[in-house]
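S.K.: Sharing a structure below in structure tokens format, with a few things to ask.
The values are calculated or read from the model by the stated rules, or taken from the named source; none is laboratory data. Just so we're clear, the structure is a prediction, and the values are computed from it rather than from any experiment. Note that each Cβ is placed from the backbone with ideal geometry, even for glycine, and that neighbours are counted across all protein chains shown.
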Amino acid sequence: MCLSTVRKNFILGLLLLPPLFVNAQSDKVVTIIGTGYVGLVSGACLAEIGNSVICADVDSKKIELLHNGIMPIYELGLSELVERNVDAQRLIFTDNVAEAIASGDIIFIAVGTPMRADGSANLSYIDAVIRMIAENISSYKVIVTKSTVPVGTGRGIRAQLENDYGIDSNLFSVVSNPEFLREGLAVNDFLYPDRLVIGTDSDSALIALCEVYETLITGGTPYVLTDVQTAEMIKYASNAFLSVKISYINEVANLCDATDADVKTVAYAMGLDHRISPAFLNPGPGFGGSCFPKDSQAIVHIAAKNNLPFHTVQAALDANVIQQGKPVEKLQALMLREMQEDLMEKTAPVLAGKTVAVLGLAFKANTDDVRYSPSITTINLLQNLGVIIKAYDPVAMGNMRMIFPDITYCSSAYQAATDADAVVIMTDWDEIKQIDFARLKKVMRCPMIVDARNVVNPETLKQLGFACDSIGQSYLCKKRNEYVHTFVPIHLRKRVQSTKFSVKRDR
Ligand code: NAD
């Protein structure tokens, strides 16, 4: 079947594959180069849907951990999936990358593409893999970029192999198959994706990829077949769009704070509009993680290289820098208010010498990933103001210790809050949402909370006697000028009605 016929059958998405693919049983070996968040999850999930998978990584320690059944990352459901597929002999791990390349028919590249100082993607890890492929290719390989790479990288890989390494063009095909999984939900996202994107101009590569994903495709996963550069662009355009959405709601939240509106109600009502959708309308301390900041910077960089501005994404990035300063800005203001001093005159010294408990270090819940986590900015700012930091996170403390070896890491939220002058909530872990705030208050020196994720009802905190602030709900924290000094006994406080959502549905 020629590529144009296949494409016609697929018609960009929602149609089912022709029977050739539905019934195809792949006997090809899948090699994944790079066994990090994406590579390990992809490897385990591809094995789960019936492929024979080799996961390779240059990091021998990581491979040794995996050989011992220990996951090098925290990801829900991953351990069970790995164990099951290793036992079924569909999944193996190796630090012999050369051998893994030689043994594989389909080579997925899942190495990092971190941000350079100028905002561009650093492709040195990709280049190193291409060199290893060139050195170990002796039979036809389908080379798939799963890493997020700038538009044009696929073309560059082809040129590198042919021109720099003299590899026969019949010996390989290039595919872009960007990954959209979310850390914390990665296994679920890989096995039940919103869509598959496959970009290639090679019939044989397309057939190979369809065999690899046969279970998902026949299960009804929508897919988009396109060329390499369009597939590469889809990934950047998607991540940058989400960055814009987050920065947008963050700025709405700041405006809510300035105008006594409640962002949660605003976001809820916005999300009822199906053109907007409720996803990514949670304001917070700015976006972080290994993808949104770097991919947004990268698309702005790609645009600039093409003499085009990308105003919206640049604005989202600029807004994010400001947003990441909000938790500390709010803490300073709250402390000054408690001390009943002039906000304008005294900003710096108010926190000096104070102890602050930072609850949540991961860039979001359910992951141990701290790359570009907003908590890093918060801790840096607090340290610059002379604050003593006590920190707690259910799983990310090991990774944060590598960035801040000298702060105090605690075994629970309560231990972190003990004798603290304030708490800052930075990650919306369920465990943090479920804190017994009455118990927390008892151990704190001063009951003060900045909830940078809006996980606790301000009403609850106020009733318990906390001075509090949030992102976009400041009004509720001091509603109707009822902001009273923290040390006034609770029974003297007026009860404030919490916001109620009232929705009339006619559908
Ligand atoms: P990661 O840092 O967790 O993993 C990369 C792995 O590659 C590391 O284990 C490293 O040791 C290994 N590696 C580096 N050079 C190698 C080589 N020459 N041979 C073999 N292994 C090598 O990175 P990640 O978070 O998994 O991201 C990988 C790519 O996927 C990036 O481009 C990222 O943008 C993209 N992505 C990430 C996510 C995510 O949520 N983390 C989601 C979608 C896409």
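S.K.: So in region 41-57, with the set limited to residues that are among the small types (Gly, Ala, Ser) and more than 6 Å from the ligand (Cβ to nearest atom), which one is nearest to residue 216 (Cα to Cα)?
M.R.: Per the stated criteria, the residue is 50.
S.K.: Cβ-Cβ under 8 Å, sequence separation 6+ or interchain: first residue in region 467-480 and more than 17 Å from residue 336 (Cα to Cα), partner modelled with pLDDT under 90. Which pairs?
M.R.: 476/496; 476/498; 476/499; 479/496; 480/496
Each row is one residue, and each column tells you yes or no for (1) more than 26 Å from residue 123 (Cα to Cα); (2) at pLDDT below 95; (3) within 16 Å of the ligand (Cβ to nearest atom); (4) not small (Gly, Ala, Ser).
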| residue | (1), (2), (3), (4) |
| --- | --- |
| 39 | no, no, yes, no |
| 59 | no, no, yes, yes |
| 79 | yes, no, no, no |
| 94 | no, no, yes, yes |
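S.K.: Moving on. For region 96-141, what are the residues that are more than 10 Å from the ligand (Cβ to nearest atom), of a type in the set (A, V, I, L, M, F, W, C) and surrounded by fewer than 19 Cβ atoms within 10 Å (Cβ to Cβ)?
M.R.: 102, 117, 134
S.K.: Going through 432, 490 one at a time, which residue ends up being modelled with pLDDT under 95 and of a type in the set (A, V, I, L, M, F, W, C)? Outline the logic, then answer.
M.R.: Details: 432 fails: modelled with pLDDT under 95.
So the residue among 432, 490 that is modelled with pLDDT under 95 and of a type in the set (A, V, I, L, M, F, W, C) is 490.
S.K.: Scan region 444-451 and tell me whether some residue there is closer than 23 Å to residue 337 by Cβ and touching a Lys or Arg at 6+ places or on another chain (Cβ under 7 Å). Step through it out loud before you land on a result.
M.R.: The first filter runs over region 444-451 and keeps only residues closer than 23 Å to residue 337 by Cβ, leaving 444-451.
Still in the list and also touching a Lys or Arg at 6+ places or on another chain (Cβ under 7 Å): 447, 450.
Checked region 444-451: at least one residue is closer than 23 Å to residue 337 by Cβ and touching a Lys or Arg at 6+ places or on another chain (Cβ under 7 Å).
S.K.: Going by the conditions given, is residue 253 in contact with a Gly (Cβ under 6 Å, 6 or more places away or on another chain) and closer than 28 Å to residue 149 by Cβ? Walk me through it before giving the result.
M.R.: On the way: in contact with a Gly (Cβ under 6 Å, 6 or more places away or on another chain): yes; closer than 28 Å to residue 149 by Cβ: no.
Taking the combined requirement at face value, the residue does not satisfy it.
S.K.: If you go through region 178-196 one residue at a time, do you hit one that is without any contact (Cβ under 8 Å) to a residue 40 or more places away in the chain, away from the ligand (no atom under 14 Å from the Cβ) and of a type in the set (Ser, Thr, Tyr)? So that I can check it myself, show each step before the final result.
M.R.: Of region 178-196, the ones without any contact (Cβ under 8 Å) to a residue 40 or more places away in the chain are 182, 189, 192-194, 196.
When the remaining residues are screened for being away from the ligand (no atom under 14 Å from the Cβ), the result is 192.
Those still in the list that are of a type in the set (Ser, Thr, Tyr) too: 192.
Within region 178-196, one or more residues are without any contact (Cβ under 8 Å) to a residue 40 or more places away in the chain, away from the ligand (no atom under 14 Å from the Cβ) and of a type in the set (Ser, Thr, Tyr).
Residue by residue, here is whether (1) modelled with pLDDT of 95 or more; (2) part of a loop (DSSP other than H, G, I, E, B); (3) within 16 Å of the ligand (Cβ to nearest atom) holds:
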site	(1), (2), (3)
295	yes, no, yes
301	yes, no, yes
318	yes, no, no
330	yes, no, no
346	no, yes, no
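S.K.: Would you point out which residue out of 175, 144, 224 is assigned to a strand (DSSP E or B), away from the ligand (no atom under 14 Å from the Cβ) and surrounded by 20 or more Cβ atoms within 10 Å (Cβ to Cβ)?
M.R.: 175
S.K.: While we're on this one: Looking at this structure, is residue 264 of a type in the set (D, E, K, R) and within 15 Å of residue 248 (Cα to Cα)?
M.R.: Yes, satisfied.
S.K.: Determine, yes or no, whether residue 460 is at pLDDT 95 or above and either buried (at least 22 other Cβ atoms within 10 Å of the Cβ) or not in a loop (DSSP other than H, G, I, E, B) (or both).
M.R.: On the way: at pLDDT 95 or above: no; either buried (at least 22 other Cβ atoms within 10 Å of the Cβ) or not in a loop (DSSP other than H, G, I, E, B) (or both): yes.
Answer is no for this residue.
S.K.: Could you tell me which of the residues 231, 205, 258 is surrounded by fewer than 22 Cβ atoms within 10 Å (Cβ to Cβ), modelled with pLDDT of 95 or more and of a type in the set (Gly, Ala, Ser)?
M.R.: Being surrounded by fewer than 22 Cβ atoms within 10 Å (Cβ to Cβ), modelled with pLDDT of 95 or more and of a type in the set (Gly, Ala, Ser) holds for just one of 231, 205, 258, which is 258.
S.K.: Something else about it: Can you say whether residue 86 is part of a helix (DSSP H, G or I) and either within 15 Å of the ligand (Cβ to nearest atom) or at pLDDT below 95 (or both), as far as the supplied structure shows?
M.R.: Taking the combined requirement at face value, the residue does not satisfy it.
S.K.: Output the residue which, of all residues in region 62-73 that are under 24 Å from the mean Cα position of the chain (by Cα) and not β-branched (Val, Ile, Thr), is nearest to the ligand (Cβ to nearest atom).
M.R.: Only one residue tops the list, namely 62.
S.K.: Which one of these is in contact with an Asp or Glu (Cβ under 8 Å, 6 or more places away or on another chain), surrounded by fewer than 17 Cβ atoms within 10 Å (Cβ to Cβ), among the aliphatic types (A, V, I, L, M) and touching a residue at least 24 places away in the same chain (Cβ under 8 Å): 333, 319? Quick ask: steps written out before the conclusion?
M.R.: Numbers: 319 fails: surrounded by fewer than 17 Cβ atoms within 10 Å (Cβ to Cβ).
Going through 333, 319 in turn, just one is in contact with an Asp or Glu (Cβ under 8 Å, 6 or more places away or on another chain), surrounded by fewer than 17 Cβ atoms within 10 Å (Cβ to Cβ), among the aliphatic types (A, V, I, L, M) and touching a residue at least 24 places away in the same chain (Cβ under 8 Å): 333.
S.K.: Let me spell it out: the conditions are (1) of a type in the set (S, T, N, Q); (2) farther than 24 Å from residue 170 by Cβ; (3) within 21 Å of the chain's Cα centre (by Cα), and residue 124 meets all of them except one. Which number is the exception?
M.R.: (3)
S.K.: Give the residues of region 166-196 that are under 19 Å from the mean Cα position of the chain (by Cα) and among the aliphatic types (A, V, I, L, M), sorted by residue number.
M.R.: Hits for region 166-196 are 181, 185, 186, 187, 191, 196.
S.K.: Could you tell me whether region 246-269 includes any residue that is farther than 24 Å from residue 474 by Cβ and in contact with a helix residue (DSSP H, G or I) (Cβ under 9 Å, 6 or more places away or on another chain)?
M.R.: No, there is no match, as no residue in region 246-269 is farther than 24 Å from residue 474 by Cβ and in contact with a helix residue (DSSP H, G or I) (Cβ under 9 Å, 6 or more places away or on another chain).
S.K.: Right, another one. Could you list, in sequence order, the residues of region 130-151 that are in contact (Cβ under 8 Å) with a residue 40 or more places away in the chain and under 18 Å from residue 209 (Cβ atoms)?
M.R.: Scanning region 130-151 gives 140, 141, 142, 144, 145, 146, 147, 148, 149.
S.K.: Does region 353-382 hold any residues that are of a type outside the set (A, V, I, L, M), within 23 Å of residue 444 (Cα to Cα) and in contact (Cβ under 8 Å) with a residue 12 or more places away in the chain, and which are they?
M.R.: If the condition is that a residue be of a type outside the set (A, V, I, L, M), within 23 Å of residue 444 (Cα to Cα) and in contact (Cβ under 8 Å) with a residue 12 or more places away in the chain, then 353, 354, 355, 360, 375, 378 are the ones that fit.
S.K.: Could you check region 44-64 and list, in sequence order, the residues that are free of Cβ contacts under 8 Å to residues at least 60 places away in the same chain and crowded, with 16+ Cβ neighbours inside 10 Å?
M.R.: Hits for region 44-64 are 47, 52, 53, 54, 55, 56, 57, 58, 62, 63.
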